[in-house]
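What follows is one structure encoded as structure tokens, with my remarks underneath.
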Amino acid sequence: ALVPCQVLRVAILLSYCSILCNYKAIEMPSHQTYGGSWKFLTFIDLVIQAVFFGICVLTDLSSLLTRGSGNQEQERQLKKLISLRDWMLAVLAFPVGVFVVAVFWIIYAYDREMIYPKLLDNFIPGWLNHGMHTTVLPFILIEMRTSHHQYPSRSSGLAAICTFSVGYILWYGRREREA
């Protein structure tokens, strides 16, 4: 039988897919420049969250299908999937998600024009803005509260998030040098 947290994961995944589809459907000049939507950490975070919750749903389905089967190979594959889910939560979904939400709203409160000019209100409806910059935090906190996760070692987790961060900064910096 489905557990409420499994149903919730499906709902969260569908909401992220809806947000991504609505965001990509917007005709904005910045989407036509170098990197398109990928230059925005908010968009990358939405993709990370959607992939993470997709892996959560896949893990739940695999768990339901392999429960009681006694197949050693299926059990081994399920453990790998659970490890991937837990690694992705600890290394990407949580840190990037919290960073995007916190930085966006702190800068927005300080000076909205720095991060989300009023001009964007003509392109991005308020509900979509909150879908991209607000719901990420409660969704990830609910996931952490409702499911047990095995976290990677501190050194490997920090190495992975630092690699992601430096990669993004180098890629974004390359864009700025070319502009």
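The values are calculated or read from the model by the stated rules, or taken from the named source; none is laboratory data. Note that the coordinates shown come from a computational prediction; the quantities given were computed from them, not determined experimentally. Counting neighbours? That spans all protein chains shown, and the Cβs are built from the backbone with ideal geometry, glycine included. Each accessible area value is taken on the protein alone, full model and side chains, heavy atoms only, with ligands, DNA and RNA left out. Shrake-Rupley method; radii C 1.70, N 1.55, O 1.52, S 1.80 Å.
General observations
- Within the option set GLY35, GLY68, being at positive phi and over 21 Å from the mean Cα position of the chain (by Cα) holds for one residue only, GLY68.
- Checking every residue in segment 134-147 against the condition of being open to solvent by 70 Å² or more (accessible area, probe 1.4 Å), under 21 Å from TRP87 (Cα atoms) and touching a Gly at 6+ places or on another chain (Cβ under 9 Å) gives zero matches.
- The residue pairs whose first member lies in segment 41-55 and is closer than 16 Å to GLY167 by Cβ, whose second member is of a type outside the set (A, V, I, L, M, F, W, C) and modelled with pLDDT under 95, and whose beta carbons are closer than 6 Å, counting only pairs six or more residues apart or on different chains, are PHE43/SER37.
- Inside segment 65-79, residues that are closer than 22 Å to MET144 by Cα and loosely packed, with under 13 Cβ neighbours inside 10 Å make up a count of 1.
- Unique match (being touching a helix residue (DSSP H, G or I) at 6+ places or on another chain (Cβ under 8 Å), within 28 Å of PRO29 (Cα to Cα) and not charged (D, E, K, R)) among PHE123, PHE164, PHE94: PHE164
- Subset of segment 128-144 (residues that are touching a residue at least 40 places away in the same chain (Cβ under 8 Å) and part of a helix (DSSP H, G or I)): LEU128, GLY131, MET132, HIS133, VAL136, LEU137, PHE139, ILE140, ILE142, GLU143, MET144
- Candidates SER147, SER165, SER153, filtered to the one that is hydroxyl-bearing (Ser, Thr, Tyr), within 27 Å of CYS5 (Cα to Cα) and free of Cβ contacts under 8 Å to residues at least 12 places away in the same chain: SER153
- For the residues ILE55, ILE44, ILE26, the requirement of being surrounded by 13 or more Cβ atoms within 10 Å (Cβ to Cβ) and not in a helix (DSSP H, G or I) singles out ILE26.
- Among the residues making up segment 83-129, a single one is of a type in the set (Lys, Arg) and under 20 Å from the mean Cα position of the chain (by Cα): ARG85.
- Candidates LEU41, LEU89, LEU84, filtered to the one that is in contact with a His (Cβ under 7 Å, 6 or more places away or on another chain) and within 30 Å of ARG174 (Cβ to Cβ): LEU89
- Members of segment 89-128 found to be hydroxyl-bearing (Ser, Thr, Tyr) and either touching a Lys or Arg at 6+ places or on another chain (Cβ under 8 Å) or at pLDDT 95 or above (or both), listed by number: TYR108, TYR110
- ASN122 being open to solvent by 60 Å² or more (accessible area, probe 1.4 Å) and of a type in the set (S, T, N, Q): yes
- Number of the exception - ILE82 against (1) touching a Leu at 6+ places or on another chain (Cβ under 9 Å); (2) open to solvent by 30 Å² or more (accessible area, probe 1.4 Å); (3) of a type in the set (Val, Ile, Thr): (1)
- In this structure, TYR108 does not qualify as part of a loop (DSSP other than H, G, I, E, B) and farther than 25 Å from CYS5 by Cβ.
- TRP38 vs. criteria closer than 21 Å to CYS162 by Cα and either of a type in the set (A, V, I, L, M, F, W, C) or exposed (fewer than 15 other Cβ atoms within 10 Å of the Cβ) (or both): yes
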